[in-house]
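Heads up: the structure comes next, in structure tokens.
The values are calculated or read from the model by the stated rules, or taken from the named source; none is laboratory data. These numbers come from a predicted model, not from an experiment. With ideal geometry, Cβ positions are generated from the backbone for all residues, glycine too; neighbour counts draw on all protein chains shown.
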Amino acid sequence: MSSPDTQLPSLTTEQAQRLRELVREYHARRGNSVTVAGDTVYSDRGTQALYNLAELCRRAEPGAWPGIVEHHFNALENATRSAEAAAVAGPGAWAEDIRRSVYLRLVPDDAIPAEAAPSFSYTRPVATGLLEALALDLPDSLRLLDDRDVARTGLEELRSAGRANLVAEPVDYDLTRTDSGAVVHLVTGESMFVASKALVLDDVARSLIGRELPHEGALFTVPSRHFLVFHPLEDANAVGAINDLAAFGLGAYQDNPGPLSPRIYWWHKGDVTCLTEIDDATTTFSIVPPDELMVILRRLSA
């Protein structure tokens, strides 16, 4: 029996490959140059996610898949043309539509293929392994905004609206005490923006645990788009939390759809620092905290 595809888990590996090929064929017939990788279609007009399309195909007979693919992308084309018409009609109409649907989004720092990267120059690195982008949450799909989209409204205005929408996005929340004694906060959910809430971790803490993060900040991991797990640096269990987060992050990265990063990060005064070093040659992981964090860990342990 075929195993679920790692990027499109509603389909088997063979089914997901067939869907990607159907998507390539659809765009080739229309003379569109695209790259289909994982759960995303990349083109010079932006990106389009495939998870909704995969779910539609899962529920249908294989013979119906070509028609479903065609209907899906025709609908997205119509939505794009409507957005462009709104932009032509006036910047106010376009800006209002996009402000309601735009989100800050974390993506892997290698998510955008090299050939498409010039169209996404507005994106910015967060830390090793992570890139901040702007995503438009449409009824039938999710796509990253490209430079042309951003230019219509303005980068800072979109980032502000994307941050507000991200803060307001509902999630599930729980906390647990691990075997090491550390209290770990679990943020999960079906939303595509759960992990992206690491970009607003201070707001997450205020809304979910009812208090500010400590001055020393917090450790966190975002192994997939559906997980944000963090530990505020406030007691002697911080060292144990590093090991707990490392184990969880690696396991969840390997076992869940939408993998993001297996690394551990330190959020401190709004800045994010990666603590994980990966040796690609030996595929080994090591935790290397910066000197400033080592001072904090020693003080908390004492």
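Every residue in the stretch 55-109 that is modelled with pLDDT under 75 and of a type in the set (Lys, Arg), please.
If the condition is that a residue be modelled with pLDDT under 75 and of a type in the set (Lys, Arg), then 81 is the only one that fits.
Conditions first: (1) touching a Phe, Trp or Tyr at 6+ places or on another chain (Cβ under 6 Å); (2) buried (at least 19 other Cβ atoms within 10 Å of the Cβ). Residue 35 passes all but one, so which condition is the exception?
Status for residue 35: all satisfied but (2).
Name the residue that is surrounded by the fewest Cβ atoms within 10 Å (Cβ to Cβ), counting only residues in the stretch 224-244 that are modelled with pLDDT of 95 or more and closer than 25 Å to residue 8 by Cα.
Looking at the filtered set, the residue picked out is 227.
Applying the selection to the stretch 137-164, what residues are buried (at least 17 other Cβ atoms within 10 Å of the Cβ) and of a type outside the set (D, E, K, R)?
Matches in the stretch 137-164: 138, 141, 142, 144, 145, 150, 153, 158, 161, 162.
Count, please, the residues in the stretch 7-29 that happen to be in contact with an Asp or Glu (Cβ under 9 Å, 6 or more places away or on another chain) and either modelled with pLDDT under 90 or part of a loop (DSSP other than H, G, I, E, B) (or both).
Total meeting the criteria: 4.
One residue is enough: does the stretch 140-154 have a residue meeting the conditions of a type in the set (Lys, Arg), within 24 Å of residue 230 (Cβ to Cβ) and in contact (Cβ under 8 Å) with a residue 12 or more places away in the chain?
First, the residues of the stretch 140-154 that are of a type in the set (Lys, Arg): 143, 148, 152.
Subset that is within 24 Å of residue 230 (Cβ to Cβ): none.
Taking every residue of the stretch 140-154 in turn, none turns out to be of a type in the set (Lys, Arg), within 24 Å of residue 230 (Cβ to Cβ) and in contact (Cβ under 8 Å) with a residue 12 or more places away in the chain.
Looking at the stretch 247-282 only, could you name the residues that are part of a loop (DSSP other than H, G, I, E, B) and farther than 15 Å from residue 129 by Cα?
Quick first cut of the stretch 247-282, residues part of a loop (DSSP other than H, G, I, E, B) only: 256-258, 260-264, 269-270, 275, 280-282.
Within the stretch 247-282, 256, 257, 269, 270, 281, 282 qualify.
Only residues that are outside any helix (DSSP H, G or I), hydrophobic (A, V, I, L, M, F, W, C) and either surrounded by 16 or more Cβ atoms within 10 Å (Cβ to Cβ) or modelled with pLDDT of 85 or more (or both): list them for the stretch 110-122, please. Break it down into steps so the answer makes sense when it comes.
In the first step, residues of the stretch 110-122 are kept if they are outside any helix (DSSP H, G or I); the result is 110-116, 121-122.
With hydrophobic (A, V, I, L, M, F, W, C) added as a condition, the list becomes 111-112, 114, 116.
Those that are outside any helix (DSSP H, G or I), hydrophobic (A, V, I, L, M, F, W, C) and either surrounded by 16 or more Cβ atoms within 10 Å (Cβ to Cβ) or modelled with pLDDT of 85 or more (or both): 111, 112, 116.
So which residues in the stretch 31-73 are assigned to a strand (DSSP E or B) and β-branched (Val, Ile, Thr), if there are any at all? Outline the logic, then answer.
Here is the first cut: in the stretch 31-73, the ones assigned to a strand (DSSP E or B) are 34-37, 40-43, 46-49.
Correct list: 34, 35, 36, 40, 41, 47.
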